[in-house]
Amino acid sequence: MDFSAFLDGFGVVTQPGNLLYCLIGVVVGMLIGVLPGLGPAATMAILLPVVYSAHDPVAAIIMLAGIYYGAQYGGTITSVLLRIPGEASSVVTVFDGFALAKQGKAGTALGIAAIGSFIGATISIIGLTLLGPLVAEFALDFGPPEYAALALLGVLLVATIGNGNTVKALAAAAIGLLLATVGSDSFTSADRFTFGSLNLEDGIDFVVVAMGLFGVGEILYNLEERHGKPHVPAAIANIWPSRKDLKEAGPAIGRGSFIGFVLGVLPGGGAVMASLAAYAAEKRVAKDPSRFGRGAIEGVAGPESANNAAATSSFIPLLTIGIPANASMAMLYAALLVVGVTPGPQLIDERPDLFWGVVNSMYIGNLILLLLSIPLVGIFVRILRVRPAILAPITALITILGVYTIRNSVFDIFLMIFFGVVGYLMKKFGFEPGPMVLAFVLGSLIESSFRRSMLIFEGDASGFVTRPISGTILAFVVLVIAFPLIKRALRRKTPDTDTTPETVQREDSLR
Amino acid sequence: MRKQTLSLAAVAAGAALALSACGGVQTTAGGGSDSGDYPTGSVNMPVGASAGGSSDLISRQVSRGLSEELGGSFPVINREGANGALAAAEVAKAEPDGSTISVQNASLFAITPLAVPEDQVTSIDDFDVVQGVSRDDYVLVASKGSGFDSIESFQDADGKVTYGTTGVGTGAQLACALTFNVNDTPAEAIPFDGGAPALTALLGDQVDTACLQVGEAIENIRSGKILPIVVFGPERVEFLPDVPTAQESGLDVEVAQYRFMTVPKGTPQDVKDSIAEAMQATFETSEYQDFNEQNNLTPMEISGDEVVTQLEEDKQRYADLVEEYGIDLGDAS
Amino acid sequence: MSETQPRPAPGADQGASDVDHEHDILAEIKAEVAQDLADERPPAGGPAYQVASALFVLLVGLAGAWLAYGYGIGSLRRPGPGLWPFIVSCLIVVLAVVLLVVGRHLDDTEKFTRSSLLVAVGAATFVALGFLLPVVGFEIPAVLLGIVWLRFLGGESWRSTIVISVLTTAAFYGLFLYALSVPLPHLIAL
């Protein structure tokens, strides 16, 4: 690594003009992250013309990058406060974040999320600075079989989310997988479950499913529950995380950052998988896994660190091999083209000012985001003091108008309302929407990777096991399935070793 | 209480419908035009692709040019889905007064019909084509690990050659499928969701070859990480002067993606003329020319009628080739 | 209350409060209070609800499998469009049967009550908004939705109902149409 170029990069960032653009970028990003629907990619498209008119195109690129990682911070806020995840990678934050908010600890959740995001992103930028090109090569070793194995692992982890009945969780996840197949099959262009509607041709957007099942479902459910009860404002204690919270969250942030950095490099689904894996990892290492889903701070810290680390490491494929890992990176790619730079292997040598300017702006941008978050957390948690009767229609309008803005489609509004009713009914019948949403997100990845693999292997499934990386992941999958079974078998033999009678009884009552 | 709610809703709906009869709803700040001074308000430009794709970028570039030449605003609205069929449907049913215009791509009209069922085919007859825009060439590239460097080297292939495509019903798929069929090489298509994943798989040696748009592949070609074999345009590509065309390599395969400005059928001639003139003026600007160069786009600034002729020709040619070689692009049956 | 917080079965309460003994008691009590407030839920639905939901899942699985079969299974060498949905649908069927057998006596469902009708009304207002949006723009339906929810579903006073609905709509107008210049259908051109 060229150290002087790296330092010059800081020179680029700290020019007042560039700092200002960085600030604008992260603030806009945070705002649209709070708004469901309108994602960072669409916002970057709207603001793309700024690249033409900016005094310095590097400043504009810094701004666009800021929108992207700023949105990751914003998405957490609605997940925790209103149970509407704006991004697929904040779905898992909903479980413990919203539970914490209900207990009056929204401030703690948001504070830890902000700190975790900052640390996750910073660790990831350091990783990008030192290991970027190396990691990019590693990502290339991931072919369709590896993705299939990884996504299979992800779907299995989905079943460990939440505390409800496992069979019901699996059933919900399976229906989520089926929902992901709706639309034109990308291998044969045959229509599946579209019932002749062109609107379903491209499948269902994640935001429609997530905001329907979580957001609208929650609003409808509360309408029934709230009726005839006086409003008791949630006690907003602990605006800022206590030392104990930080101590609990610390290791989770570390693990989440690492998982996020590694998985974020993989194009497509990397960030989702990272947050999911981080959540599952926390639940597994926890002394008492049953706290998860009822307000475990690690359940917020791990995934939030992971998705920000992943968002940052998704810059690696773009900046080192010229491959945009997601729609937002594609917009950044386009912006770089406008500047006259084609992102690719030569970028770091040809335009070190741009490369290090953008990379180093992320150190500064994340610092700005952390400093902004601290006062904003205090403001945002006040939302919970608003009476539910008032909050409900406002939230409903945000989601409905927000969903419309994704594709400018009224059809999506109806689809979201449909999923809202489904989400309400699922609650009534004891099903959790979480596994369904997550399985839906991973569904098309697992199917298309599986089918691509079979085409490459010419129908011989043993290829999955013989390839080193996919074989390793599959061995891990077997371990994930076998471990609880073995543990249970051992526990049956010696009932009093690692668990007290109460917890056994309790677990049984939860089944 | 419920009754009250319902009657209120009924009244509200009634009032709303009465209001709509006045025809005041708009998605942007103005309307279309029925006189010469086009445009009177802002003009929607739906594009059938997500933000960041080449169709989207081209639409945005044209929109900038139009608003500079004509005044008013030309907001680009991403209406992705079904390779542009959703955006096309929106344009086709819009008021033919110039308030909705759209840059559309040729593959939707010439190639997609070969891959989708009859009732999903979008016909060019629903539109008036105003002006050609630019061409995006495809290139066949091989990974370094595959050992292929020319069409002839495919003869040494042991087993099936795998090729990544950017999706079903795209020009990339057609170009690759035709190449391997015409060349009589046993091959298997591995469809990916767009150019970036296909390129990733190629760089990682997961597939042997891939058909990509030149702009997607060029940087990795320049750095020598992947090898270009042929391009599929009618002539060599300016950005890859050393790469032969498929025709030069003895394969009768010519596939290109091009884009053109469309308006709903029946739009007044003066509106179409205004748009065409403004676009031609845009093409002259250095900013627009730089844009083409950066995105590896070849100008194809022909008249609307020529575009239609070319489209009809290509459609027939592709259909004949696909039939001749028994290629199955998708589920057209 | 979040559905991720299952109600302990009668008799398990003792165990539940003992689990987190290593954490500080204050936070514990707070959590308990919050939980108790939210735990006033309708009675469990009982076996009929469990069987109904399992049957519905079964139906989804069977319908999925039947449709997927029609799309063409193909072979492992060349998987058809129906192969994957067929596998998933079969999985759903199996899980539904398991639910039918073992899930009868779960207590995680909730009875429908008279106030469940409110949910139907609420959903209907959303649908109405969806229908009216492209016809009359978003302003009037948004204000109306606010009025229905605040006044009739939420029991707010007329004054705050009007103020909040109008202000919210105005805020969205400014946000979507000006700050973000999103092409939302609207009536009022400024």
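The values are calculated or read from the model by the stated rules, or taken from the named source; none is laboratory data. Owing to the predicted nature of the structure, the values given are computational and were not obtained by experimental measurement. For neighbour counting, all protein chains shown are included, and Cβ atoms are generated from backbone atoms with ideal geometry for every residue, glycine included. All accessible areas refer to the heavy atoms of the entire protein, side chains included, with ligands and DNA or RNA removed. Shrake-Rupley method; radii C 1.70, N 1.55, O 1.52, S 1.80 Å.
In Å², rounded to the nearest 100, what is the total accessible surface buried by chains C and A against each other with a 1.4 Å probe?
Numbers: alone 13800 and 22050 Å², together 27800 Å².
Answer for the C-A pair: about 8100 Å² buried.
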field: Mean accessible surface per residue for chain B, computed with a 1.4 Å probe while every protein chain stays in place, in Å²
entry: 38 Å²
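Could you tell me whether the range C:114-190 comes out rounded, prolate or oblate from its Cα gyration tensor? Rule is a ≥ b ≥ c as square roots of the eigenvalues, rounded for a/c under 1.5, then prolate if a/b exceeds b/c, otherwise oblate. Intermediate results must be reported in sequence, preceding the final value.
Values: a/c = 2.73, a/b = 1.57, b/c = 1.74.
It comes out oblate by the Cα gyration axes.
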- request: Report, in deg cm²/dmol and to the nearest 500, the calculated mean residue ellipticity at 222 nm for the protein assembly as shown, where each DSSP H run with n ≥ 4 adds -39500 (n - 2.57) and the sum is divided by the residue count.
  value: -19000 deg cm²/dmol
- prompt: Across the range A:187-204, in residue order, what do the Karplus-derived ³J(HN,Hα) couplings come to in whole Hz, using 6.51 cos²θ - 1.76 cosθ + 1.60 with θ = phi - 60° and x for Gly and Pro?
  reply: 9, 10, 6, 6, 7, 10, 6, 8, 6, x, 8, 5, 5, 9, 3, 8, x, 9
query: Which far-off residues, 5 or more places away or on another chain, put their amide H under 5 Å from the one on B:Ser134, with H placed in the peptide plane?
result: B:Arg259, B:Met300
query: Separation between the B:Arg222 and A:Gln346 pseudo-spin-labels, each 7 Å from Cα along Cα→Cβ, expressed in nm?
result: 0.4 nm
- prompt: Can you pull the percent of the range C:42-111's accessible area that's carbon plus sulfur, 1.4 Å probe, other chains left in place?
  reply: 77 percent
message: If I take R0 = 35 Å and measure r between the Cβ atoms of B:Glu235 and B:Ser153 in this structure, what FRET efficiency does the formula 1/(1 + (r/R0)^6) give, to the nearest 0.05?
response: 0.90
message: Between the range A:99-125 and the range C:98-156, how far is it from one alpha carbon centroid to the other, in angstrom?
response: 32 Å
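Can you give the accessible area buried between chains B and C, summed over both chains, with a 1.4 Å probe, in Å² to the nearest 100?
Values: alone 15510 and 13800 Å², together 27530 Å².
Answer for the B-C pair: about 1800 Å² buried.
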query: So if we plug the beta-carbon distance of B:Ala281 and B:Glu95 into 1/(1 + (r/R0)^6) with R0 = 35 Å, what FRET efficiency do we get, rounded to 0.05?
result: 0.85
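Accessible area per residue for the range A:117-201 in Å², computed with a 1.4 Å probe and the full protein assembly in place, what is it?
Numbers: 2400 Å² over 85 residues.
Result: 28 Å² per residue.
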- request: Compute the label zone of A:Leu20 within the range A:57-72: residues whose backbone N is under 12 Å from the point 7 Å along Cα-to-Cβ.
  value: none
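So what is the orientation-averaged projected area of chain A, using the convex hull of its C-alpha atoms, in nm²?
On the way: hull surface 100.3 nm².
The orientation-averaged projected area of the Cα hull of chain A comes to 25.1 nm².
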field: Range in chain B, longest, excluding exposed trypsin sites (Lys or Arg not before Pro) [loop by DSSP; at most 13 other beta-carbon atoms within 10 Å]
entry: B:94-264
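Whole number please: convex hull volume per residue, Cα atoms of the protein assembly as shown, in Å³. Before the final figure, lay out each step's value.
Details: hull volume 164.7 nm³, N = 1034.
Cα convex hull per residue, to the nearest whole number: 159 Å³.
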task: Return the long-range amide H neighbours of A:Ile84 (sequence gap of 5 or more, or a different chain), with a cut-off of under 5 Å between placed amide H atoms.
output: A:Ser79
query: Residues of the range A:81-129 losing 40 Å² or more of accessible area relative to the isolated chain, 1.4 Å probe, heavy atoms only?
result: A:Lys102, A:Gln103
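Given the C-alpha atoms of the range B:137-255, compute the convex hull and give its volume per residue in Å³. Present the calculation step by step, with values, prior to reporting the outcome.
Working: hull volume 10.2 nm³, N = 119.
Residue-normalised Cα hull volume stands at 85 Å³.
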field: Cross-link pairs A:Lys487/C:Lys111; A:Lys102/C:Lys111; A:Lys105/A:Lys427; A:Lys102/A:Lys244; A:Lys105/C:Lys111 - those with Cα-Cα distance over 27 Å
entry: A:Lys487/C:Lys111; A:Lys105/C:Lys111
Inter-probe distance in nm under a simple model that places probes 7 Å from Cα toward Cβ, at C:Ala52 and B:Ser123: 4.9 nm
task: Whole Å is fine, so just give me how far the alpha carbon centre of the range A:267-298 lies from that of the range A:312-361.
output: 31 Å
statement: Between B:Glu293 and C:Phe112, the FRET efficiency computed from the C-beta separation at R0 = 56 Å comes out, to the nearest 0.05, as 0.30
- prompt: Given B:Ala189, B:Leu174, B:Ile151, which one lies farthest toward the positive end of the charge dipole of the range B:137-255, if we put +1 on the Cβ of every Lys and Arg and -1 on the Cβ of every Asp and Glu?
  reply: B:Ala189
- request: For A:Asp191, list long-range residues whose amide hydrogen, built 1.01 Å from N in the peptide plane, is under 5 Å from its own amide hydrogen.
  value: A:Asp185
task: Kindly write out, for the range C:136-142 in residue order, the coupling ³J(HN,Hα) from the Karplus curve 6.51 cos²θ - 1.76 cosθ + 1.60 (θ = phi - 60°), rounded to whole Hz, with x marking Gly and Pro.
output: 10, x, 8, 5, 5, x, 5
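Can you tell me the convex hull volume per residue for chain B, based on C-alpha atoms, in Å³ to the nearest whole number?
About 167 Å³ per residue, rounded to a whole number.
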Protein accessible area in chain A, 1.4 Å probe - carbon and sulfur %: 68 percent
message: Could you report the buried accessible area between B and A, both sides summed, computed with a 1.4 Å probe and given in Å² to the nearest 100?
response: 3800 Å²
message: Going Cα to Cα from B:Lys144, which lysines come in below 25 Å? Please leave out same-chain ones fewer than 8 positions away.
response: B:Lys160, B:Lys225
task: State the Cα centre-to-centre distance between the range B:260-297 and the range A:7-24 in whole Å.
output: 37 Å
field: Qualifying aspartates and glutamates (Cα of each under 12 Å from Cα of A:Lys428; at least 8 residues distant if same chain)
entry: A:Glu218, A:Glu224, A:Glu225, C:Glu3, C:Asp107, C:Asp108, C:Glu110
field: Inter-label distance, nm, simple model (7 Å from Cα along the C-beta direction), A:Ala489/B:Glu306
entry: 7.5 nm
